[in-house]
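The values are calculated or read from the model by the stated rules, or taken from the named source; none is laboratory data. Because the structure is a prediction, the values reported are computed rather than measured. Neighbour counts are summed over all protein chains in view; Cβ atoms, including those assigned to glycine, are modelled from backbone coordinates with ideal geometry.
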Amino acid sequence: MTLTGLAQIIWAVAAIGLIILVLLHSPKGDGLGGLGGQAQLFTSTKSAETTLNRLTWTLTVIFIGLTLALSAGWLG
């Protein structure tokens, strides 16, 4: 497997992860996070929101970085 192929797989996983995390965010209501009992996994709502924000920003940076690298052809 080439470096470009591995980067494309990570890019696709990051894209799907971002979609899921954005749907789990609940700025005003329960959102889709209330469907699976997601709030019970954390000790408080603030902890859940902080964790979701960190994961979302991390995947965003990975996704945008790989998008630039793949589109510019920097990986080979």
(message) Where the second residue is aromatic (F, W, Y) and surrounded by 11 or more Cβ atoms within 10 Å (Cβ to Cβ) and the first is more than 9 Å from L75 (Cβ to Cβ) and lies in segment 2-16, which pairs have Cβ atoms under 7 Å and are six or more apart or on separate chains?
(response) W11/F63; A14/F63; A15/F63
(message) Quick check on this structure: which one of T67, T45 is at pLDDT 80 or above and not charged (D, E, K, R)?
(response) T67
(message) Here is a list: L59, L32, L21, L52. Which entry is under 30 Å from T2 (Cβ atoms), at pLDDT below 95, surrounded by 11 or more Cβ atoms within 10 Å (Cβ to Cβ) and in contact with a Leu (Cβ under 9 Å, 6 or more places away or on another chain)?
(response) L21
